[in-house]
Amino acid sequence: MLIAGVLSGTSLDGIDVAVCDVRADGDRIRVRCERFDTLAFDAALRARIVAAYPPAPVGALELSALHAAIGEAFGDAVHTVAGRTPLDAVASHGVTLAHDGNAHHTLQLGDAFRIRERTGATVIYDFRSADTAAGGTGAPLVPFVDALLFADQAPCAVLNLGGIANLTVLPEGIAFDSGPANLPIDTYVALRGGVPYDRDGKLARRGNADGDLLGAMLDDPYFGQAPPKSTGRERYGGPFVERWRSELDALGFADAVATLTALTIRTVADAVQCYAPRANHLIISGGGARNPALIEGLRPLLPGLAVGVSDVFGIDADAKEAIAFAVLGHSTLRGRAAGLPAATGASGPRVLGAIAPHDLDALLRRVAAEEAAGTGPTESAP
């Protein structure tokens, strides 16, 4: 079954589209990424999204307009990446505009019906709301897919370094957001340097972290909170940078970026040491996997642990989250529960996602036939 997973993470560095062959194979899922690309947001649309993040007082008309515009951008991105290849379905995470795991509510923008108009395929969307309705935090959801993709590597820890750092511990199934990854770094670099991110970690590698400021940042009570827990832009985006702006600006630019980078390194390493003491590997994906300052900073803090990028295990580090939502969409079509209630705090497993149908009867017949056959692609992961 050919499903396109599409999302934009908290960093808003583009729209990720992974066209995946996803198949049921007994109790397992087999997935092969056929095509992947990241398409840049229109600059004006990205600026509108950033301007709408809490605590901005955005009106309902602008939220409605953004919902439509993001859906159109996602649909166009999927159409561009898929080309003439007919898709069975699209699984869209959308753009998370607001998320409060403790209060059990979440909001993703990106009109699924506008995606359907542009792709001519059934669209699965709104993956987090079923979990929050069941008393969960709604995040992280990708650990369910981590368990499918990397079970053969256990005992291991799987780390996604997007805007936020998500950690999955296998085989225990512990999963949570450890705290910030790229988000405060990118936010500060854009404010002070006028560039979207610290390319290749060059600023961080040139600077020295300020120990006093780092220590003050590490006093954030979130880091000592036990899982299940999740966080996002509302905590570690603009408000976080503004909280520490004067202290950061008092440092040299490179030293300030090195301090924010050290915050990610320390909080990730502390989480791995605390919750994954048996792990042999730390398998890293997400945009931060391409930042040598983060990878090199983690290795000395995790002696005895093989720290590497998910590419080595057959999963493109840039594509993994888009692949994950393709798998989650496939589970929705099968009527199978996804997510890990132990990670989110939900009262039990739930089928995730809503469906904007296109020729749904025929699609569900194909799903049933595939499941009965129980065969997968010849080259697949895990």
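The values are calculated or read from the model by the stated rules, or taken from the named source; none is laboratory data. Source: prediction; values computed, not measured. So basically every Cβ, Gly included, is an ideal-geometry build from the backbone, and we count neighbours across all protein chains shown.
The criterion of at least 1 residues that are more than 17 Å from THR344 (Cβ to Cβ) is met by the following strands (runs of 3 or more DSSP E) wholly inside the range 84-199: 89-100, 105-109, 122-125, 156-161, 174-180. Before we move on, is VAL195 in contact (Cβ under 8 Å) with a residue 12 or more places away in the chain, among the β-branched types (Val, Ile, Thr) and assigned by TED's automatic domain parsing to the domain that holds ARG245? So VAL195 fails the test.
The set of residues in the range 46-63 that are buried (at least 16 other Cβ atoms within 10 Å of the Cβ), in contact with an Asp or Glu (Cβ under 9 Å, 6 or more places away or on another chain) and touching a residue at least 24 places away in the same chain (Cβ under 8 Å) comprises ALA52, TYR53, PRO54. Among the conditions (1) among the hydrophobic types (A, V, I, L, M, F, W, C); (2) surrounded by 24 or more Cβ atoms within 10 Å (Cβ to Cβ); (3) closer than 20 Å to VAL22 by Cβ, ALA147 misses just one, which is (2). Say whether the condition of being over 19 Å from LEU107 (Cα atoms) and among the basic types (Lys, Arg) is met by at least one residue in the range 43-51. The answer is no, given that none of the residues of the range 43-51 is over 19 Å from LEU107 (Cα atoms) and among the basic types (Lys, Arg).
Restricting attention to the range 208-216, does a residue exist that is surrounded by fewer than 23 Cβ atoms within 10 Å (Cβ to Cβ) and under 21 Å from the mean Cα position of the chain (by Cα)? Within the range 208-216, not a single residue is surrounded by fewer than 23 Cβ atoms within 10 Å (Cβ to Cβ) and under 21 Å from the mean Cα position of the chain (by Cα).
Look at (1) under 26 Å from PRO155 (Cβ atoms); (2) touching a Leu at 6+ places or on another chain (Cβ under 7 Å); (3) of a type in the set (D, E, K, R) and you find that GLU247 fails only one, number (1).
CYS33 falls short on exactly one of the conditions (1) surrounded by fewer than 24 Cβ atoms within 10 Å (Cβ to Cβ); (2) assigned to a helix (DSSP H, G or I), and that condition is (2).
If I ask for residues that are acidic (Asp, Glu) and in contact with a strand residue (DSSP E or B) (Cβ under 9 Å, 6 or more places away or on another chain), which ones from the range 112-150 would you list? Spell out how you get there, then give the answer.
Kept after step one, since they are acidic (Asp, Glu), are these residues of the range 112-150: 117, 126, 131, 146.
ASP126, ASP131, ASP146, listed by residue number.
Of everything in the range 345-379 that's modelled with pLDDT under 90 and buried (at least 18 other Cβ atoms within 10 Å of the Cβ), which residue is farthest from ASP177 (Cα to Cα)? Per the criteria, the residue is GLU370.
Residue by residue, here is whether (1) of a type in the set (D, E, K, R); (2) more than 21 Å from GLY297 (Cα to Cα) holds:
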residue: LEU183; (1), (2): no, no
residue: ASP200; (1), (2): yes, no
residue: LEU203; (1), (2): no, no
residue: THR231; (1), (2): no, yes
residue: LEU251; (1), (2): no, no
residue: ALA256; (1), (2): no, no
residue: ALA262; (1), (2): no, no
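You will find that of ALA44, ALA18, ALA24, the residue that is more than 24 Å from VAL145 (Cβ to Cβ) and either over 21 Å from the mean Cα position of the chain (by Cα) or part of a strand (DSSP E or B) (or both) is ALA44 and no other.
Given the structure, is THR267 buried (at least 17 other Cβ atoms within 10 Å of the Cβ) and either outside the structural domain of LEU294 (by TED's automatic domain parsing) or over 22 Å from the mean Cα position of the chain (by Cα) (or both)? Considered against the rule, which asks whether it is buried (at least 17 other Cβ atoms within 10 Å of the Cβ) and either outside the structural domain of LEU294 (by TED's automatic domain parsing) or over 22 Å from the mean Cα position of the chain (by Cα) (or both), THR267 comes out as no.
Go through the range 127-167 and give me each residue that's of a type in the set (A, V, I, L, M) and closer than 17 Å to GLY288 by Cα. If you could, list the steps in order and put the result at the bottom.
First, the residues of the range 127-167 that are of a type in the set (A, V, I, L, M): 130, 133-134, 139, 141-142, 145, 147-149, 151, 154, 157-159, 161, 164-165, 167.
Answer for the range 127-167, where residues must be of a type in the set (A, V, I, L, M) and closer than 17 Å to GLY288 by Cα: VAL142, ALA157, VAL158, LEU159, LEU161, ILE164, ALA165, LEU167.
Please note which helices (runs of 4 or more DSSP H) are completely contained in the range 225-270 and include at least 1 residues that are closer than 19 Å to ALA293 by Cα and at pLDDT below 95. Output list is empty. Of the candidates THR168, THR137, the single residue that is buried (at least 24 other Cβ atoms within 10 Å of the Cβ), among the hydroxyl-bearing types (Ser, Thr, Tyr) and at pLDDT below 95 is THR137.
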